[in-house]
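What follows draws every value from the coordinates through simple rules; no lab data is involved. Bear in mind that the values here come from a model prediction, so they are computed numbers and not experimental data. Note that we place each Cβ from the backbone using ideal geometry, even for glycine, and neighbour counts take in every protein chain shown.
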Amino acid sequence: MSQRATSQAVNRVSEFYLEELAGRRAQVVSEELKNNFTYIENVLDILDDSNLKSQETLRRFLGKMKKLYSLDKFALVDENGIVYTEHSTVSGLSHYNFLSEELTEPVITTANLYGAKKQVILAVPVDNIVFQESRIKVCFIQINIDGMLSSLTLQTGGNETYCSLYHRNGEDLTNGDFGNFKAGNNLLSALSDAKIDKGFKYGEMEEAFKNGKSGQIAFQYRGLRETLCYVPVEDTNWMMTILIRDNVIFDQISSISTDMMRRSIIQIVITVMVMLVVFLVLICQSRRNARILLAQEKADGDRIRNAFAQIEKEQASMENIHAAMGSGLWSMEFDERGEMISCSWSEVFRNMLGYDSEKDFPNRIESWADLLCQEDKERVLKEYWDTVRDYSGEKTFDVEYRLITQNAGLRWFHSAGRLSRREDGSPITFVGLFVDIDDEKKLEEKLERQKIDLEDALAVAQHANKAKTTFLNNMSHDIRTPMNAIIGFTSLAAAHIENREQVQDYLSKITTSSNHLLSLINDVLDMSRIESGKVKIEEKETSLPEIMHDLKTIVQADITSKQLEFFIDTADVVNENVLCDKLRLNQLLLNLLSNAMKFTKPGGMVGVRIIQRGNAPEGWAAYEFQVKDTGIGMSPEFLEHVFEPFERERTSTVSGIQGTGLGMAITKNIVDMMGGVISVVSEEGKGTTFTVSLQFRTCSEPVMQNIVPELKGLRALVADDDFNTCSSVTQMLSTIGMRPDWTTSGKEAVLRVKLAVEQDDAYAAYIIDWLMPDMNGIEVVRRIRRLIGDDKPIIILTAYDWSDIEEEARKAGVTAFCSKPIFLSELREILESPFIVKDTKGQDDQETVSFQGRRLLLVEDNEINQEIAQEILKEAGFLMDVADDGSIAVDKVKNSKPGWYDLVLMDIQMPIMNGYEAAKKIRALENKELAGIPIIAMTANAFDEDRKAAFDAGMDGHIAKPIDIPKLFELLRDILK
Amino acid sequence: MSHLKEKEKNLGGRVHRKTLMKAGLGAFFLWSAVLAGCGKKASDELMQNSEEGQVLYHQNGIESTESASVVKFDHKLDEYMPLKKQYNFYFTYKTVHPWWDAVALGMEDAAKQYEEKGIIIDYEYLAPNGASAQDQIQRLKDAAGRDFDVIGVDVADVEIVSPVINELMGEGHKVMTFSSSDAAKEDGCDRIAYVGNTHNYEDGADLTRALCEKLNYKGKVAILVGTKGAPCHEDRALGAKDVIAEYPDMEIVEIEYDEDTVELAYEFTKKFLTDYEDLAGIVCCNMSNPVGAARAVIEAGREDEVVIVGMDHDQEALHYLKDGIIYALGVQDCYSIGFDTVQVAVKIADGQLPGENYPEKTQEITTIVYQNGAAEMLQILYGEFN
């Protein structure tokens, strides 16, 4: 009977006891997890730009947070999978399984750290944080699971009650044994082998685990009867489990109950007797003392009432003083461990913040800390905690900062406080005062702003003035220099007119100086027109490959003459035809490239790269044009002004390099007009990189990305000492289905070919750079040909003019030449018909047009210009007729036989009738043949709008004065052919 | 190099037992594996001769044959007292890959233990997403421009990277190599020390020997190497070729470079299976290719015909081993590589040269694991108990 009662007691005790234990512990775990998520949010809130300045500042911040919240790890993960922690920056941590996919909501998980102890991981997705140009995507913390459970465990001495955590599938989440269940064992699997007590079912428990329901089960496992209670942990897939052995409770309750019975009887008898005696004594004594106590209590009551009244009066006065001063009190109390146990804000302070009651602004430090302005938060909290933790007691709390008030937005406060401390330095109370200093602060800020504005305005004015003075000085110098040369050499030529050789030398120098003077004037005028808004961007269908090849052709001569190393390549360009202002794009690239060449010494490197970025909206394409050099570079001070007009780091007098200081300003203006961005990175003595980012509308389908069936799976070898070219060409080859290999060494290329031949897996195509440092491309081709024979195509890829070595290269076995930069469309074209000997270099197959006997009507009012033009054109074989103004020209054409004049060269600004009007009248002639005569504007009106006006008037061409003779002849040839 | 090789059967698995001796001390440390189904191998080397400098195996000093394990997680820092309170290291390795993540865990553990002693180890451990010697030399040059106490590199290509290491050493930087690939003095490299696997050739040879025995020394074999130029992959492949050349009835029919990717390994294996209907075995020389090979063999339904041996501890590969698709895997102790790399870096940073405090090459173990050891490996490495 007694045994059964004890057994029932055991069951009841187990049931209540375990349920209570498990429930509380599950709640503790759940609370701890929630708290930790709150910590993460708090940390992300206070993380600001100052923490993201560098790796050092970020590490310092993460370290502080890790310590503050006693975590095992506090980490941020960027979009490249790089994990930043207090002491490390590590890539590719595959053991954090939640990093394998995009995190969209907070997760709780455990990490199997390669056999090391399991740890709890809490991760949250992150937005809007960028560190070193990479987006931070995840923030996670790592908590030692054993530490988390140690405070919950009950295992002491012989008291065998166990606590553990399992996943709902039974997987062990901890690192230790759970009673007889070994660490790492699946609880459900283990229990399936146990003998389950009557009244309990294994299936019910399995179902409860699956659905996250609470329950209990009693069973016999490894010879011991035990009861297991399980409770779900809120917001997780975890189950908190408590295990107690029946024998423990049974033994304890049995022994306690027997012992208790015996002792109870004795105790009851003794107690009753003692109580009777004591009761009688007490009654007598209390009656005697009651009278004395009554009198004392009355006196004490009066004294306490008076003291309270006095305190209340003093507090009221103090509150009035603070209210009048606009200041409020606060106080905090700490226990022996330095933990805060209470916090109190005065009503005045609450009112200052716009809160009426303690309910709205509770007596907690977070009430105040949460209202701190983000910019001030870290500084103020640091100051606060530094003061509290300064056990030396030397530090005082005295800070100014902004708080978010209920009704008045951000306001400035001054806060000061002092701590009283115990003997060991630990804090007892922290009392202080808030003062609203918003008005003073705003006045100060206003004055400071005004002062800065005035200083800035003064500096801008002084700078502009100085820049313009410098510009005028430079211009004076730069114009006088070529002018001096022109005048000087003209005099010298006149003096030595008999000496043909000397005169030719003088004329060549005059031409050089004239050209320089012209570019100087062009720059100044261009700048002036841009600034006055006269320049418009005209979008036309443009081929980027054409622009890049033209660019290369234009600079090639200078590159060669300056002995520069030249790189030009592309990356990821799939839209090769776009709508853009070709002229202006050319101009800006040429400006940047000319600059790069100008400031790079012989032997240096100049490079151009075009990269298509994938961030453009539909129907648009985004490009990055990079122009890089290893030239003299710029100082950080000058970099700030590089795009301002009239700025030059050194005057031409000092540097020996001529320029107006307008090139970069013009470039920047063009980029702005095209809606782009230009940036520059430069280091003195090391070089400069300009990057222009532009978006253009696409005007054709992207270059075909599909695989070329004939080339699919075939191997190709790319050899180029420029890694970027290797990378870009390799990618293109992969796109069209080939299996490319690459190397930056000519020797290695030969070795690879040998290996491939030996393995009977030879390359089907070879793309070899001409100039490589360890072995030149021609030699590489010669050696490869010896290994592979003649049937496979070998293409030489180069940024230089290959005409000098073409013959030798063909003999060595080169199939074709290809000019850098190479675009996907060009590569496709070459490889789709690899055996056709072809060059991508445009060969001029100009049709020869003879000028001999052709008759021109020159319409020009200026006699000198008439003379110059007549001399040039007659020398070329033309028969010349002249008209002094538009009106005469119209008459001459009207009265001529059709075909008499082959072409009219028309000046624009002329007396009586200008060129536009004359052209219109000619086009309006009744005789269609006469009306259709070709007319070319030859004018000093050289801008785009002048050119447009000429075409609008019906003219067929436009050539600017001063006349560029080759250009004039080219235009005449084009029109007359 | 002289190698001592022993073989014995243990609980149905083949056991390779290697012994070693620490030069200078002249003491032998004999150890062997007794884990069910596991074969232990530190290296074939019994004793490092004087020309090659000192070699210290990771399990040096273990006298009991019972205590050897595939991966040691119970590391404690040695008694060396660092001279500084804070160190800053830069480590770069071949490519982002789970194999190197395991090395990272060892590093993290070492840094933690130093922190408990009041010494802060700051470090960067970074790699590109695809192996590239050019990328690696750029990273090394960038690191040289920053203020690191020691720069560590897992060499992507000895010929390309060694000149840069020498250049950095010439500029006064302290450079070590670690992990899977060394560039040693004999390669013309001036690096200070190496921590990691120096027995890749033997790993390849021993795995292949296991394969040959399983095939009764007959049949056609294909080899999946990995990355062209990567010393560890090439050395293992060389070991495999040399062993197969010993048996006249065996033939290597294909050798392919899969760039250490599962996808290429899978494609190449599909091709092997199509081209050679009587293919008997595949030797896989890196962590990715046994997975790719196993997938292709299962897809072709030829898992009973083709014997696969491979390297490392990929979780999927261990499952194939457990299921009998893969015959044997050579598991390297990456965790110890990471732990010892940090210990050696601290000593190098303090100006210690190889000698009394640490050897020029700290060598870690590789263990050959068979089917009946697979479950235990999954449990140890990934916490899988079922």
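What Kirkwood hydrodynamic radius do you get for the stretch A:664-773 when you take the inverse of the mean 1/r over all pairs of distinct Cα atoms, in Å? In the stretch A:664-773 this quantity evaluates to 17.2 Å. The HN-Hα couplings worked out from phi for the stretch A:345-350 by the Karplus form 6.51 cos²θ - 1.76 cosθ + 1.60 (θ = phi - 60°) are 10, 6, 4, 4, 5, 4 Hz, whole numbers, x standing for Gly and Pro. Taking θ as phi - 60° and the Karplus parameters 6.51, -1.76 and 1.60, the scalar couplings of the stretch A:939-946 work out to 8, 7, 6, 9, 7, 4, 5, 5 Hz in sequence order, x denoting glycine and proline. As a calculated quantity, the FRET efficiency between B:Asp187 and A:Ala416 at R0 = 60 Å, using C-beta atoms, amounts to about 0.35.
Semi-axes of the equivalent ellipsoid of the stretch A:713-753: what are they in whole Å, largest first, if each equals the square root of 5 times a C-alpha gyration tensor eigenvalue?
Working: eigenvalues 58, 33, 3 Å².
For the stretch A:713-753, the ellipsoid semi-axes come out as 17, 13, 4 Å.
Seen against the Cα atoms of chain A and their longest principal axis, helix A:246-325 is set at about 60 degrees. The distance from the alpha carbon centre of the stretch B:323-386 to that of the stretch B:115-169 is 21 Å, rounded to a whole number. Excluding same-chain neighbours fewer than eight residues apart, the aspartates and glutamates reachable from A:Lys540 by a Cα-Cα span under 13 Å are A:Asp581. Between A:Ala459 and A:Ala369, the modelled label-to-label distance comes to 3.8 nm, taking each label 7 Å out from Cα in the direction of the beta carbon. Listing A:His463, B:His75, A:His549 from fewest to most neighbouring C-beta atoms within 10 Å gives A:His463, B:His75, A:His549. The alpha carbons of the stretch A:188-234 stretch over 33, 19, 15 Å along the principal axes, in descending order. Here the ratio of the Cα radius of gyration of the stretch A:569-646 to 2.2 N^0.38 Å is 1.31.
Against chain A, whose longest principal axis is taken from its Cα atoms, helix A:544-561 shows a tilt of about 70°. Working note: Karplus 6.51/-1.76/1.60 with θ = phi - 60° gives the stretch A:766-775 the couplings 10, 10, 10, 6, 6, 9, 10, x, 8, 7 Hz, where Gly and Pro are set to x. DSSP assigns beta bridges within chain A; of those with both partners inside it, close to 75 percent run antiparallel. Counting only Cα atoms, the stretch B:257-321 measures 29, 22, 17 Å along its principal axes, largest extent leading. Taking the C-alpha atoms only, the angle from helix A:500-531 to the longest principal axis of chain A is near 40 degrees.
Neighbouring Cβ atoms from other chains, within 10 Å of the Cβ of residues in B:96-105, number 5 on average.
Site pair B:Glu316 and A:Ser286 shows an inter-label distance of 8.5 nm when each label is modelled 7 Å from Cα along Cα→Cβ. Computed extension gain for A:Leu68 through A:Leu879, at 0.36 nm per residue and net of the alpha carbon distance, reaches 282.5 nm. Between A:Asp424 and A:Glu501, the modelled label-to-label distance comes to 10.3 nm, taking each label 7 Å out from Cα in the direction of the beta carbon. Classification of the protein assembly as shown by its C-alpha gyration tensor yields an oblate form. The axis ratio a/c (a ≥ b ≥ c) is 1.5 or more, and b/c is at least a/b. Of all aspartates and glutamates in the structure, the ones whose alpha carbon falls short of 13 Å from that of A:Lys534, not counting any fewer than 8 places away in one chain, are A:Asp526, A:Asp944, A:Glu945, A:Asp946.
If you sort the three axes of the alpha carbon gyration tensor as a ≥ b ≥ c, you get a/c of 1.5 or more for the stretch B:213-303 and a/b no higher than b/c, which makes it oblate.
Compute the FRET efficiency between A:Asp804 and A:Ala183 as 1/(1 + (r/R0)^6), taking r as their Cβ-Cβ distance and R0 = 60 Å, and round to the nearest 0.05. Working from the Cβ atoms, E equals 0.20. Were the residues from A:Gln132 through A:Glu333 laid out at 0.36 nm apart, the gain over their Cα-Cα distance would be 68.1 nm.
At R0 = 30 Å, how high is the FRET efficiency between A:Glu448 and A:Asn351 if r is their beta carbon distance? Nearest 0.05 is fine.
That gives a FRET efficiency of 0.50.
Taking 0.36 nm per residue of separation and subtracting the current Cα-Cα distance, fully stretching the chain between A:Leu492 and A:Met340 would add 45.2 nm. What the Cα atoms of the stretch B:320-386 give is an Rg and a Dmax of 16.9, 50 Å.
Counting neighbouring beta carbons within 10 Å and listing from fewest to most, the residues B:Asp258, A:Asp722 come out as A:Asp722, B:Asp258.
Applying a threshold of 26 Å to the alpha-carbon distances of A:Lys712/A:Lys792; B:Lys322/B:Lys361; B:Lys85/B:Lys174; A:Lys66/A:Lys137; A:Lys34/B:Lys85 flags B:Lys322/B:Lys361; A:Lys34/B:Lys85 as lying beyond it.
Between the amide H of A:Phe131 and those of A:Ile136, distances stay under 5 Å, these residues lying 5 or more places away or on another chain, with hydrogens modeled in the peptide plane.
Exposure proxy for A:Ser825, A:Ser635, A:Ser344: other Cβ atoms within 10 Å of each Cβ, ordered fewest to most, give A:Ser635, A:Ser344, A:Ser825. For the stretch A:773-838, the Kirkwood hydrodynamic radius comes to 12.4 Å, computed from all pairs of different C-alpha atoms.
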